[in-house]
Amino acid sequence: MDSLMDELWNLLWDEVEGPEDYPNARPLLAHYTSAVTAEAILRGKELWLSHPILMNDVEELQWGIREAIKILSTHKGVETACGSYDRFDRFINLFQEHVDLYDHGHARSLFAACFSMHEEGDGDGILSMWRAYGSNGEGVAIVFDTAKITPQDDSPFILGPVKYCLPGEREALIRKEIEKIADFFLRKLSEIGDKKMGLSASYLLEKIKFISLTTKHCGFKEENEWRLIYFSERDSENLFENYVDYAAGVTGFQPKLKIPLDGRVSWIPNLSDLIAEIILGPSHGSVLAINAFERMLDKSDLGSVKSRVRRSTIPFRSRGF
């Protein structure tokens, strides 16, 4: 990027690395999942990311893009900053072209993993998370220590907290990014040719996707969620292309990005170093279940993690009488 496009990039992303964002914040993050998936993650030493459209708020991503198109197409500030209606129309078309390119290409390679911020010393987990994501108490919470991750400037991953908003507040966040574009064009229009106009549209779309995937309705607030998001556009060397895979489950086949946690990628820590603790759900009531889980760890060359395994003591049973 040249200095002009660097300026726009920084303008769009200036608020993302605040004191509550990674890497300034380095929380413990719990990934609640089924026993079957937990076994696959641990035995394969992989972190599985899913396609956003398969996540619980299926409208998140497409909603944000549709809202951006609607706001942009009638935004008088961007129209004025473009200097003419023809150039304004050109920018809208360029943005739509990037949306179309995303829909037919990069959309298939966008993946995310969901976590819940975990309090140090909490050996039980959150009951609502067990119910919603941990197989109704019969699953597993793998707690990761983000302090063990070394930040990478050129990483195709973004890790960050979810912001909980009312619908109007989510719209305001998107409008704010479009107003940044208007301000940039107003100051720099004479330096922006067609190529940089197209880059500006692509930068805006990437930020809109980020907002869409890191904001949720305030009704989900108790989840205290963080997300790890993989943007294939940022993976300039296609380093993770070979790790796009699949999983078969009760709902059929699903695309997955399986991030190796075994040293195959030099800057990603090994799984045994990343794990702060593993909590078996409150429905894992027997000593036999814990012994079997520890045996699985031994067979997976994760015996060093056994001392970090505990069972949630929340008095909850998923099955009826």
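Odds and ends about this structure:
- Across segment 45-69, the qualifying residues are those that are under 21 Å from Thr146 (Cβ atoms) and at pLDDT 85 or above, and the one among them that is surrounded by the most Cβ atoms within 10 Å (Cβ to Cβ) is Leu49.
Okay, residues lined up against (1) touching a Leu at 6+ places or on another chain (Cβ under 7 Å); (2) in a helix (DSSP H, G or I); (3) open to solvent by less than 60 Å² (accessible area, probe 1.4 Å):
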site: His98; (1), (2), (3): yes, yes, yes
site: Leu101; (1), (2), (3): no, yes, no
site: Phe115; (1), (2), (3): yes, no, yes
site: Asp124; (1), (2), (3): no, no, yes
site: Met129; (1), (2), (3): no, yes, yes
site: Ala141; (1), (2), (3): no, no, yes
site: Phe144; (1), (2), (3): yes, no, yes
site: Gln152; (1), (2), (3): no, no, no
site: Ile158; (1), (2), (3): no, no, yes
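- Test: residue in segment 199-221 that is open to solvent by 10 Å² or more (accessible area, probe 1.4 Å), part of a helix (DSSP H, G or I), over 29 Å from Ser128 (Cβ atoms) and at pLDDT below 90: no
- Failed condition for Gln254, given (1) at pLDDT below 90; (2) outside any loop (DSSP other than H, G, I, E, B); (3) surrounded by 17 or more Cβ atoms within 10 Å (Cβ to Cβ): (3)
- Criterion (in a loop (DSSP other than H, G, I, E, B) and aliphatic (A, V, I, L, M)) met by exactly one of Ile268, Ile259: Ile268
- Listed by first and then second residue, the pairs with beta-carbon distance under 8 Å, at least 6 apart or on different chains, first residue in segment 293-309 and open to solvent by 30 Å² or more (accessible area, probe 1.4 Å), second small (Gly, Ala, Ser), are Ser304/Ser272; Arg308/Ala276.
- In segment 294-310, the residues that are more than 14 Å from Ile142 (Cα to Cα) and among the basic types (Lys, Arg): Arg295, Lys299
- Lone unmet requirement of (1) open to solvent by less than 10 Å² (accessible area, probe 1.4 Å); (2) at pLDDT below 95; (3) more than 21 Å from Gly134 (Cα to Cα) for Ser232: (1)
- Restricting segment 261-288 to residues that are more than 27 Å from the chain's Cα centre (by Cα) and free of Cβ contacts under 8 Å to residues at least 12 places away in the same chain, the residue that is least open to solvent (accessible area, probe 1.4 Å): Ser286
- A count restricted to segment 186-208 and to residues that are touching a Phe, Trp or Tyr at 6+ places or on another chain (Cβ under 8 Å) and of a type outside the set (Gly, Ala, Ser) stands at 7.
- Flag if Asn224 is at positive phi and crowded, with 19+ Cβ neighbours inside 10 Å: yes
- Failed condition for Thr313, given (1) under 20 Å from Leu127 (Cα atoms); (2) surrounded by 13 or more Cβ atoms within 10 Å (Cβ to Cβ); (3) among the β-branched types (Val, Ile, Thr): (2)
- Residue count, segment 96-150 (criterion: more than 30 Å from Ser232 (Cα to Cα), in contact with a strand residue (DSSP E or B) (Cβ under 9 Å, 6 or more places away or on another chain) and of a type in the set (S, T, N, Q)): 1
- Any chance Leu110 is within 23 Å of Thr33 (Cβ to Cβ) and open to solvent by 10 Å² or more (accessible area, probe 1.4 Å): no
- Looking across segment 160-171 at every residue that is assigned to a helix (DSSP H, G or I) and closer than 19 Å to Glu20 by Cβ, the one that is most open to solvent (accessible area, probe 1.4 Å) is identified as Glu169.
The values are calculated or read from the model by the stated rules, or taken from the named source; none is laboratory data. Treat the numbers as computed from the prediction; the structure is a model and nothing was measured. All Cβ positions, even for glycine, are placed from backbone atoms using ideal geometry, and neighbour counts span all protein chains on display. Surface areas here come from the heavy atoms of the whole protein model, side chains and all, with no ligands, DNA or RNA. Shrake-Rupley method; radii C 1.70, N 1.55, O 1.52, S 1.80 Å.
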